[in-house]
Amino acid sequence: MDFDLSEEQRLLKESIDGLLAGSYDFENRKHYMKEKGGWSKAVWGKLAEQGLLGLPFAEADGGFGCGGVETMIVMEALGKALMLEPYLPTVVIGGGFLRHGGTDAQKAAHLPGIIDGSMTLAFAQLEKNSGHDLFDVAATAKKKGDGWVIDGEKFVVLNGENADTLIVTARTKGRRRDPAGISVFLVPANAKGITKKSYPTQDGLHAADITFTGVEVGPEAVLGNPDDSLALIERVVDEARVALCAEAVGLMDESLKTTVEYIKTRKQFGVAIGTFQSLQHRASDMFVATEQARSMSMFATMANDFENAKERSNAIAAAKVQIGKSLKFVGQ
C-alpha cells in the first residue's frame, strides 16, 4: 500500500506549514487567546483565502472535493501550532453533518459561509451526567405545527460562544438512552430562548454551556432522518476522532522537535546535555512513540472509509487509544 503523499498533497502541506510558521508562534497564540471567543478572525480569514476551509466539500458545493488524507495534513499542521481557531467544530464536524446529512437547500445556506470564513459552527452534544454513548441524549425536540420546539442543556460546546449556527442533538421520541428517536437540528445561535455561559478550557480553547428554553425552529432545521439520526452522528464523530488523531501527531512532532533542539543547546558541566546517553535514549523513545502514532493516524484515516460502521468505529477507537498513550509519553 502506498503511503506517500501526492504532489498536490505535498503542496498543501507546504502551504499550511508556511502559513502557520509565519503567523502562529507561541507569543501570537497568547495574543489570539485574548480576542473575542478566544481565536483570531484574521488567521481564520487567511485559512479561507488559501482554500483550507473548503477542502472536504464537493466541487459542486464550492469546495475542492478532497478526502481524509487532506484533512489529516491540515490537522497535523494545526496540532503543531496549537491552533485555537475552530477548524474542528466548523469544517470537520459542522461540515461533516452537512456533507453526510444536509439537503441541497441546507448546503446552499451554510457551506458558502463556511468556505469563505464568514460562518462558524459548534456541535452541542454533551449533557450533564451523560456517558460516552452518543445516544445518551435527554434534550427534547417536540413537534409544533411544521416545526419543532427544543428544550434542554448542553455542556462544553467548543466554539459555542462565537458560532453562528449550533448543531444540536435532541430526542424526538423514546427514553434518554434509547438508540432510536434522536434527531439533529441546525439552530441559529441567536435564536430566542438560547442562553450561554462561556469560559476558556484548560488548553486555551473556548467553550460554552448552552441552555435551550422553548427554542423554536422550522422544518428546514432538521438534518438527516428526524427520528433516527444516530448513524449520522456516529459517522461525523468518527471523522472528528480521526482528525484529533492527526492533530495529536502534530503536537508530538513539534514536542519532539523542540526537545531535541533544547538538549542540543542546553549545557551542563560545560557540555550540551544532548551528549548524555540517558537523554539520547529518551529522545529516541520519543521518536519511536511519535512515529508509531503517525502510523496509527494513517490507519485511522484509511479506516474512516470502511463501509461497515462497527468495523470503522472499532478501528478508529483502537487508533485513538494507542495515539493517546504515545501522546502522554511524549508530553511527559
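The values are calculated or read from the model by the stated rules, or taken from the named source; none is laboratory data. Source: prediction; values computed, not measured. So basically every Cβ, Gly included, is an ideal-geometry build from the backbone, and we count neighbours across all protein chains shown.
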Of all residues in the stretch 269-307 being free of Cβ contacts under 8 Å to residues at least 24 places away in the same chain and β-branched (Val, Ile, Thr), the one that is farthest from residue 72 (Cα to Cα): 271
Residue check for residue 237: under 30 Å from residue 280 (Cβ atoms) and not charged (D, E, K, R): no
Candidate set: the stretch 224-252, residues that are acidic (Asp, Glu), surrounded by fewer than 20 Cβ atoms within 10 Å (Cβ to Cβ) and over 15 Å from residue 96 (Cβ atoms); chosen: the one modelled with the lowest pLDDT: 227
Test: residue 256 is touching a Phe, Trp or Tyr at 6+ places or on another chain (Cβ under 7 Å), touching a residue at least 12 places away in the same chain (Cβ under 8 Å) and assigned by TED's automatic domain parsing to the domain that holds residue 180: no
For residue 103: the one exception among (1) surrounded by fewer than 20 Cβ atoms within 10 Å (Cβ to Cβ); (2) of a type in the set (Ser, Thr, Tyr); (3) modelled with pLDDT under 95: (3)
Residue match in the stretch 202-216 (condition: of a type outside the set (A, V, I, L, M), part of a helix (DSSP H, G or I) and modelled with pLDDT of 95 or more): no
Complete set of residues in the stretch 119-142 that are out of contact with any helix residue (DSSP H, G or I) (no Cβ under 8 Å at 6 or more places or on another chain) and farther than 18 Å from residue 156 by Cβ: 140, 141, 142
Residue within the stretch 30-48 that is under 16 Å from the mean Cα position of the chain (by Cα), more than 22 Å from residue 205 (Cβ to Cβ) and in a loop (DSSP other than H, G, I, E, B) present: no
Failed criterion for residue 176 (all others in (1) in a strand (DSSP E or B); (2) of a type in the set (D, E, K, R); (3) surrounded by fewer than 16 Cβ atoms within 10 Å (Cβ to Cβ) hold): (1)
Residue match in the stretch 99-117 (condition: outside any helix (DSSP H, G or I), in contact with a Lys or Arg (Cβ under 6 Å, 6 or more places away or on another chain) and touching a residue at least 60 places away in the same chain (Cβ under 8 Å)): no
Answer residue from the stretch 158-167, given it is assigned to a strand (DSSP E or B) and touching a residue at least 60 places away in the same chain (Cβ under 8 Å) and is surrounded by the most Cβ atoms within 10 Å (Cβ to Cβ) among those: 167
Residue match in the stretch 195-216 (condition: among the basic types (Lys, Arg), in contact with an Asp or Glu (Cβ under 8 Å, 6 or more places away or on another chain) and without any contact (Cβ under 8 Å) to a residue 24 or more places away in the chain): yes
Residue ID - surrounded by the fewest Cβ atoms within 10 Å (Cβ to Cβ), chosen from residues in the stretch 120-148 that are among the aliphatic types (A, V, I, L, M) and within 21 Å of residue 215 (Cα to Cα): 138
